[in-house]
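Presented below is the structure to which this report refers.
The values are calculated or read from the model by the stated rules, or taken from the named source; none is laboratory data. Keep in mind that what you see is a predicted model, and the values were worked out from it rather than measured. Cβ placement follows ideal geometry from the backbone for every residue including glycine, while neighbour counts extend to all protein chains displayed.
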Amino acid sequence: MDVETYSKTISDFIAGGYITSAITLGNDLGLFEELKRLDKPVTSQQLADACKLKERYVREWLGCMVSTRIVLLDESDNYFIPDALKPGLNATDFAFIYPVMGTLTENVKKCWRADGPDGFGYEDMPRCLVDLTEGKTPDPDKVIGQLLMSITRPKESLITILDLGCGGGNITRALSRHFPDAQIYGVDYNDTAIDRAVTVAKQQGIRNETFIQANVTSLPRDWTHKFDWVILYDVLHDLPDPVNSMKEVYRVLKDDGVASIVDPGIHSNHKDNIGDSNVAGVGYAISSLICLPCSLSTKGAVGNGIGWGKEDKEAFLSNSGWIVIDKRDVESAFALNFTCVKANA
Ligand SMILES: C[S@@+](CC[C@H](N)C(=O)[O-])C[C@H]1O[C@@H](n2cnc3c(N)ncnc32)[C@H](O)[C@@H]1O
């Protein structure tokens, strides 16, 4: 690569970061939603009025969107997104966590310093992270369907289901919708997450969900062999103590139960990720600010983070008493599902 290409590559990534800040505004202020709904081009004033926003700000935003070709101009300089392209706006979900990244930087820099703290857990991250994380999985019902595809036992036999590291309960609620007669449990150690999960379940009148605040390493003693299905969705790489955590998963799972362990599908070796900026590049960036500090947050922590990688993770599972009976992406390469059963059952 020559120096001009090298320099342009760096500038393009930085430009992407700046433009993402405008994309998050478009998501949060309903601008994309309105442009999606519209069946004809509009002026900046019409768009602003429809979203109850000030025209001057909206016009500045449109300047960014037009220059990047996310929004198009017609011959009268009105703004629109062609119908055929509107489904592509789903890609803006990818910006779900961007607003919080900058706010974490100062704390993270302290941890990186040789004499600084080791890390920090989710309870020390901004409360809004719980809500933002839900944007990561905009269609949790589809995810449950995909997870079930690799479970061979009948769906009706899954009566007790545990969502470990449930966050605000996005996946847990989808489980309740799929399994209205099952007992669904959600566990997270972060009280903000559990508060949200409980509140939303109440608001939605969900009756078959129980949320418990606990660490994965110390689940209730009376849960031995309680569950038919345990799910860890985007959690394993965050855990400071994956060995004892997975021992707990083993304990609470019935002998004929199944565990779905979904984690980013990044390669373990850096060289295998070369050129993959959309998954590995973004994953490592998020991990440097969130997942790695979390997985280093307790004494003796292993510090896996997203960089743990799928090859080493599979080896870890196989060496800790599990048989991986299936592996496939659900949603995207950020969500590689290992379907596991007990090796010695
Ligand atoms: C990336 S979020 C995923 C949340 C949810 N599963 C989802 O996909 O929307 C990771 C979650 O794991 C939880 N977590 C991390 N370490 C934990 C631990 N040791 N015990 C319990 N929960 C933990 C965090 O609080 C956070 O809610």
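Taken over region 48-62, the criterion of being closer than 14 Å to LEU25 by Cα, surrounded by 17 or more Cβ atoms within 10 Å (Cβ to Cβ) and either aromatic (Phe, Trp, Tyr) or out of contact with any Leu (no Cβ under 7 Å at 6 or more places or on another chain) (or both) is satisfied by ALA48, TRP61, LEU62. Quick one: is ASP222 at pLDDT 95 or above and acidic (Asp, Glu)? Criteria met by ASP222. Screening the candidates VAL71, VAL108, VAL66 for the property of being buried (at least 17 other Cβ atoms within 10 Å of the Cβ) and at pLDDT 95 or above yields one hit, VAL71. For region 172-185, the condition of being under 19 Å from TRP223 (Cβ atoms), part of a helix (DSSP H, G or I) and near the ligand (Cβ under 9 Å from one of its atoms) holds for at least one residue.
Yes or no, residue by residue, for (1) within 13 Å of the ligand (Cβ to nearest atom); (2) surrounded by 17 or more Cβ atoms within 10 Å (Cβ to Cβ):
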site: PHE96; (1), (2): yes, yes
site: TRP112; (1), (2): no, no
site: PRO138; (1), (2): yes, no
site: MET149; (1), (2): no, no
site: ASP163; (1), (2): yes, yes
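Among residues of region 246-264 being within 20 Å of the chain's Cα centre (by Cα) and not aliphatic (A, V, I, L, M), the one that is farthest from the ligand (Cβ to nearest atom) is SER260. For region 298-318, a tally of residues being in a loop (DSSP other than H, G, I, E, B), surrounded by fewer than 21 Cβ atoms within 10 Å (Cβ to Cβ) and polar (S, T, N, Q) returns 1. Screening VAL230, VAL235, VAL243, VAL187 for residues that are buried (at least 24 other Cβ atoms within 10 Å of the Cβ), closer than 24 Å to ALA315 by Cα and of a type in the set (Val, Ile, Thr) leaves exactly one candidate, VAL230.
Considering GLU55, GLU4, GLU106, which residue is without any contact (Cβ under 8 Å) to a residue 12 or more places away in the chain and touching a helix residue (DSSP H, G or I) at 6+ places or on another chain (Cβ under 8 Å)?
On the way: GLU4 fails: touching a helix residue (DSSP H, G or I) at 6+ places or on another chain (Cβ under 8 Å); GLU106 fails: touching a helix residue (DSSP H, G or I) at 6+ places or on another chain (Cβ under 8 Å).
The match here is GLU55.
Here are some residues: LEU25, LEU38. Which one is on the phi < 0 side of the Ramachandran plot and more than 25 Å from the chain's Cα centre (by Cα)? When all the criteria are applied, what remains is LEU38. Residues that are touching a residue at least 60 places away in the same chain (Cβ under 8 Å) and in a loop (DSSP other than H, G, I, E, B) within region 267-297 comprise LEU296, SER297, listed in sequence order.
If I go through region 209-235 residue by residue, how many of them are β-branched (Val, Ile, Thr), under 22 Å from ARG196 (Cβ atoms) and within 14 Å of the ligand (Cβ to nearest atom)? Qualifying residue count for the region: 5. Does ASP118 satisfy the criteria of being assigned to a helix (DSSP H, G or I), touching a helix residue (DSSP H, G or I) at 6+ places or on another chain (Cβ under 8 Å) and within 16 Å of the ligand (Cβ to nearest atom)? So ASP118 does not fit the description; no.
Being assigned to a strand (DSSP E or B) and among the basic types (Lys, Arg) is a description that applies to LYS254. In region 202-213, the residues that are outside the structural domain of GLY169 (by TED's automatic domain parsing) never reach a residue that is modelled with pLDDT of 95 or more and among the β-branched types (Val, Ile, Thr) with C-beta atoms less than 8 angstrom apart, at least six apart or across chains.
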